Amino acid sequence: MNRAQPLSRVRCVVFNAALGVLDYRVPAGMDVEPGSVVVAPLGPRQIMGVVWDEGRLPGADFPESKLRPLLAVMPVPPLAAPLRRLIEWCADYYMAPLSSVARMALSSGAALRGGGTLTEYRLTGAEPARLTPQRKAAIEKLEGQQGTIRELAAIASVSDAVLRGMAGAGLLEAVQVDSDRPFPHADPDFATPTLSDDQQAAADQFVDAVRAEAFAPFLLDGVTGSGKTEAYCEAIAECLRKGRQVLVLLPEIALTETFLARFEARFGAPPVTWHSSLKSSERRRAWRAVAGGTAQVVIGARSALFLPFAKLGLIVVDEAHEISFKQDDGVRYNARDVAVMRARFEGVPVILASATPALESLQMAENGTYTRVVMADRFGGATMPEVSILNLTEHPPERGRWLAPPLVEALKDRLAKGEQSLLFLNRRGYAPLTLCRHCGYRFKCANCSAWLVEHRLSRRLACHHCGHEQPTPDKCPECGQPDCLVACGPGVERIADEVAEILPQARVAIVTSDTLTSPAKAAEFVAMAQGGAIDVIVGTQLVTKGYHFPELTLVGVVDADMGLEGGDLRAAERTYQQVAQVAGRAGRASKPGEVLIQTRHPTAAVIAALASGDRDAFYAAETEARRSAGAPPFGRWAAIIVSSEDEAEARTAAREIGATAPRLPDLAVLGPAPAPLSLLRGRYRYRLLVNARRSSEVQRVIREWLEPLRFPQGVRVGVDIDPYSFV
Ligand code: ADP
Ligand code: ZN
């Protein structure tokens, strides 16, 4: 865009949700344009903001003489128009403040201040004879690490002063690094695989779309083990050749390690990573490389969607059905949907890859909005695993145990053959409920309406909702009786104990978010599993996706019925996806796989579909159920969540919202009712559910409905558009 005259006044989105949009004067000599990141005065303070396009945001027209001048422009490229449109769309669609969304694009404070050199430290390797225990422990944790004093202090869990002392004693040395040093170069032709016909057909379509440089949404619908990654890597290669950037979204940080290794093998260099556990200097470097156009490929968690790519050419969302793409606090958005919108604004292709696509995505393929690309067979002639139902009513486990005899036999058989097994139970910890045998006391979270979960490995009771933890006591806090606590129900730790009793020689690994706490731990697990150092893996949903362990031939689903409880709208779909994904870990190489699904409801539609492998029948039935319920993708849901630390205050506010609900022919309002988690992090919660026909503009209706209402200070009203969690 060519401007005749420099801007003399601008409207800015300032980083304060309550203020939102403010006008400023541009002082003489300052050059700003839409997207410029600026520092502006606010009372006696300063605030960061982004200059927005003229005429797109409402605001009062103050005379120019009353406006205060901007203070500075940050030394970063202005946010490009497609990203500004995406920010506007998200704010509007998800009913979030514009500033909260814009902030997500400027997620590295250090990056905004520009490049430069910084001093980092690393171990010198000196080994003095005498070391304080603190220094000794710090050295162990800092092995192979380099970072600023503050970053290393966090890694070693010591104070800055301890590290400065170590630097003084010659244990750590300083290194000057360029904060903008380039990332290693990925080569599109480093190691090109020979593709199967299916892969080649898929790759050709993607490559054509990359060349066309236009919006093109794809649903890559390929069975587990079909080699989806190799197929979309050809599109990545094409982007690299054209000098355009690629964004690949993955649902879990734990998965990135496997992906990094595969990426490096294909392109000769690791991609740039973006997730919440990056150190601040790493964030700064990555952000600036993305904005400068030198980061070729970024692998990231959902927050990477808002990075300021200079010349984006392709977006890939892998495991696109995953619910972890839905963000449930702050700005409540679904990264899968936002990815498609970003691709649209940028005018580039987007590939949603999954073996178990969300019903919404399949429907979009069905109605022609997305191009469906099917890969029906496993790569390299591997066969799909044999799936059988284990009816727990017919084959009850022994008293106090959870694994039915046929599953126990199968585990023994695999151990004898030196093959691996995987047991899946989506419950962390040892037991979901602990009670006193003597007086019946149950351990409950003080901040939430939830039981405390026993974690025996770390000897604590934990709330999985607010993070509250307490040591497991030796006696009942109510009646004082010692040794009277009983664990009710299984968690993965308890299943691991059971395996250890049945197969004392087996090497068992528990894989949950409690054990894979960092990318390094994830890498360690993968190396052990691939190296044959683990016989039985017991894990939560974390092990259901992405992993490829050639020796894994048995998968046992400990409780397929668990996900069906709770009445969540997507319960059946989620159960189907989880079990199909975990089943997909079995028999991915030359040895065939077997899957045993433990259930008490063998005739339930979803269980039967899993057993017969009839995905289409399941999706067809589920589609009809959704259609008749007016649920997505045929209707829209929105949740209004009212919370307060004061129970009565929350209830009154929720009732008022309910009483003023609009009466419209295609809109139904359910509630208010106490939310299933009626107490969460010390706040009492009420919930209303809004169900609208697809055609109605649910956001506008809700906006007009809530806007005139006033509530006491302590009341929070949040709106969740297209909610996933109904708690
Ligand atoms: P999916 O993601 O569809 O479940 P993967 O992409 O993990 O499947 O592929 C399954 C396995 O097959 C992986 O180990 C992968 O390296 C291998 N593979 C896939 N395509 C090829 C190919 N063209 N050449 C060699 N190995 C391949
Ligand atoms: Zn809690």
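Apart from one condition, THR369 fits all of (1) under 23 Å from LEU305 (Cα atoms); (2) surrounded by 17 or more Cβ atoms within 10 Å (Cβ to Cβ); (3) not acidic (Asp, Glu); the exception is (2). Only residues that are surrounded by fewer than 24 Cβ atoms within 10 Å (Cβ to Cβ) and in a helix (DSSP H, G or I) were counted in the range 241-255, giving 4. Might you check whether a residue that is modelled with pLDDT of 90 or more, open to solvent by 40 Å² or more (accessible area, probe 1.4 Å), assigned to a helix (DSSP H, G or I) and not small (Gly, Ala, Ser) occurs anywhere in the range 324-334? No, every residue in the range 324-334 fails to be modelled with pLDDT of 90 or more, open to solvent by 40 Å² or more (accessible area, probe 1.4 Å), assigned to a helix (DSSP H, G or I) and not small (Gly, Ala, Ser). Can you tell me which residues in the range 1-50 are open to solvent by 60 Å² or more (accessible area, probe 1.4 Å), closer than 20 Å to ALA105 by Cβ and of a type in the set (D, E, K, R)? Scanning the range 1-50 gives a single hit, GLU33. Whether a residue is surrounded by 15 or more Cβ atoms within 10 Å (Cβ to Cβ) and within 16 Å of ligand 1 (Cβ to nearest atom) was assessed, and LEU433 does not pass this test. Against the conditions (1) assigned to a helix (DSSP H, G or I); (2) closer than 23 Å to ALA339 by Cβ; (3) in contact (Cβ under 8 Å) with a residue 60 or more places away in the chain, ALA110 satisfies every one except (2).
Say whether the condition of being closer than 26 Å to PRO504 by Cα, away from ligand 2 (no atom under 14 Å from the Cβ) and basic (Lys, Arg) is met by at least one residue in the range 437-446. Don't jump to the end; show me each part of the working.
To start, the set of residues in the range 437-446 that are closer than 26 Å to PRO504 by Cα comprises none.
No, the range 437-446 contains no residue that is closer than 26 Å to PRO504 by Cα, away from ligand 2 (no atom under 14 Å from the Cβ) and basic (Lys, Arg).
For the range 584-612, residues that are part of a loop (DSSP other than H, G, I, E, B), open to solvent by less than 60 Å² (accessible area, probe 1.4 Å) and touching a strand residue (DSSP E or B) at 6+ places or on another chain (Cβ under 9 Å) total 8. Among the residues of the range 472-491, are any surrounded by fewer than 18 Cβ atoms within 10 Å (Cβ to Cβ) and closer than 30 Å to LEU142 by Cα? So far as the range 472-491 goes, no, none of its residues is surrounded by fewer than 18 Cβ atoms within 10 Å (Cβ to Cβ) and closer than 30 Å to LEU142 by Cα. Restricting ARG456, ARG378 to residues that are within 16 Å of ligand 1 (Cβ to nearest atom) and either surrounded by fewer than 13 Cβ atoms within 10 Å (Cβ to Cβ) or among the basic types (Lys, Arg) (or both) narrows the list to ARG378. Among the residues of this structure, GLN505 does not count as one that is buried (at least 17 other Cβ atoms within 10 Å of the Cβ) and among the polar types (S, T, N, Q). Residues in the range 300-318 that are within 11 Å of the chain's Cα centre (by Cα) and either under 18 Å from GLU230 (Cβ atoms) or in a loop (DSSP other than H, G, I, E, B) (or both): ALA301 only.
Taking the range 437-453, which residues are open to solvent by 70 Å² or more (accessible area, probe 1.4 Å) and among the small types (Gly, Ala, Ser)?
Restricting attention to the range 437-453, the residues satisfying the condition of being open to solvent by 70 Å² or more (accessible area, probe 1.4 Å) are 437-438, 442, 444, 446, 451.
Scanning the range 437-453 gives a single hit, ALA446.
The values are calculated or read from the model by the stated rules, or taken from the named source; none is laboratory data. What you see is a predicted model, and the numbers here were worked out from it, not measured in a lab. Quick reminder, even Gly has a Cβ in these numbers, built from the backbone with ideal geometry, and neighbours come from all protein chains shown. Ligands, DNA and RNA are stripped out before the accessible areas are found, and what is left, the full protein with its side chains, is counted by its heavy atoms. Shrake-Rupley method; radii C 1.70, N 1.55, O 1.52, S 1.80 Å.
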